[in-house]
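I have placed the structure first, in the form of structure tokens, so that the comments after it can refer back to it.
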């Protein structure tokens, strides 16, 4: 899939770390104690290592190879090493101290040896991971940071639209326009990665034969919509020619095992999260009540699956009379947001009660974000294909939410719709897992919770 191919740096980087962690920990453990460690411990260490590394951004492409970039990588690995040992300390010493204080043996020879072994093993893993990942960054920098040259074969007006869109997203793509009436035999394709076809119906027969020969030589030939999908992982509505083209793209969301697996996953994960965060529910409720003695929760009508209306539940983050003047967009510095509201919005804690909607079946953990009917009416009039969002259950998080900042305008909604259409047409359990990890990263970094303006 396109989003897997574009993330090969992260996938290969995390696979390398997984191999390093498991192999080195097993090797050191066996060398010093003569036995292999518990598989659960090794697996947990590898998962923790990869997740924290992902959050820290250790698997992203390096923009510049320099001493500063190496120092950043070094600081990240120090943080990872300390976090790893802190977790080990909590699990092996603090928890037993709290719950089994009468049985814990601080002076136990085996306990000391295991602690020392873990400290040494995690240190060796840290150093090897640092150098392997940075060396891999150097390789990928030389390979992937080169400009991608594409030829847009179509009208001048369509090219101007596309150029503006591309310039705002990526700077590693060089797009050159060739009018669709020009003879392609006169064009030099030596450094060209591929041809983007603006409109298939405008291609002359002789040029179609040339395009076929170029494709046989290894030059990519893609329609405008397919090119956008592969390069940017979104589908802007202005490049969708007709409804049939969209129907073809959305055929993958028919009732299948992935949708049924998704629903089972929603039930299991939301139940687990509600159980784990129940103390947080109580704590946040107390803080909201103390601030203004108002309601703890806020219920709001939203549009869901098949366009049906349902009530969404959130922790109240705004003042009691926030909408006394009617429905309005959120702002970057919204005076209606309470002090506690700013905190729970930044950390996305205000979204937690929606887990109840997931259990009920009106929402999913991952999907297009549901909108208010009062605001949505203008979207249906002004944004083509907006109603295709109703094909899947709305989600607490989604592909648009992890790739685009908080939307608070018609322009933002149009951009986010392009991500929603991509998600619906490429829906899979793997894509849902990717969105879940990216959501965790956003929450931990407290990003994307406010509008731009």
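No value in this document is a laboratory result; all are computed from the given coordinates. Bear in mind the structure is a predicted one, so any value in this text is a computation, not a measurement. Using ideal geometry, Cβ is built from the backbone for each residue, glycine included, and neighbour counts are taken over all protein chains shown.
Of note:
- The C-alpha radius of gyration of segment 184-241, expressed as a fraction of 2.2 N^0.38 Å, stands at 1.20.
- Full-extension gain in nm, residue 272 to residue 306, via 0.36 nm per residue minus C-alpha separation: 9.5 nm
- Residue 83-residue 248 FRET efficiency (beta carbon distance; Förster radius 45 Å; 0.05 resolution): 0.45
- Label assignment, Rg and Dmax of the Cα atoms in Å derived from the structure, set (1) 24.7, 98; (2) 22.2, 67; (3) 26.0, 87: (3)
- Computed over segment 257-445, relative contact order equals 22 percent, with contacts defined as Cα pairs under 8 Å that lie 6+ residues apart.
- Against the chain, whose longest principal axis comes from its Cα atoms, helix 257-276 is set at around 40 degrees.
- Relative contact order [Cα under 8 Å, 6+ residues apart], segment 187-315, whole percent: 13
- Mean separation of Cα contacts under 8 Å (6+ apart) over length of the chain, as relative contact order %: 13
- Seen from all directions on average, segment 257-445 presents a Cα convex hull projection of 10.5 nm².
- Inter-label distance for residue 221 and residue 39, nm, one decimal - labels placed 7 Å from Cα along Cα-to-Cβ: 5.1
- Segments 409-419, 362-372, 263-273 sorted - mean Cβ within 10 Å per residue, highest first: 362-372, 409-419, 263-273
- Each DSSP beta bridge with both residues in the chain is either parallel or antiparallel, and the antiparallel ones are about 30%.
- Estimated distance in nm for a label pair at residue 91 and residue 67, the labels positioned 7 Å out from Cα along Cα-to-Cβ: 3.9
- log₁₀ of I(q)/I(0) at q = 0.17, 0.21, 0.23, 0.24 Å⁻¹ - segment 234-288, Debye sum with one point per alpha carbon: -0.72, -0.83, -0.90, -0.93
- Segment residue 30-residue 342, extension gain: residue separation times 0.36 nm, minus the distance between their alpha carbons: 107.3 nm
- Distance (nanometres) between label positions extended 7 Å along Cα→Cβ at residue 411 and residue 356: 3.8
- Helix 39-56 vs. the chain, principal-axis angle (Cα, 0 to 90°, nearest 10): 50
- Using a Förster distance of 22 Å, the FRET efficiency for residue 155-residue 379 (Cβ separation, nearest 0.05): 0.20
- Nearest-ten-degree value, helix 429-445 long axis tilted from longest Cα axis of the chain: 60
- Computed [θ] at 222 nm, deg cm²/dmol, the chain (DSSP H ≥ 4; -39,500 (n - 2.57); rounded to nearest 500): -17500 deg cm²/dmol
- Over the Cα atoms of segment 148-232, the radius of gyration divided by the Kirkwood radius equals 0.93; this is the Rg/Rh ratio.
- Extension gain for residue 319 to residue 199 (0.36 nm times residue separation, less C-alpha to C-alpha distance): 38.1 nm.
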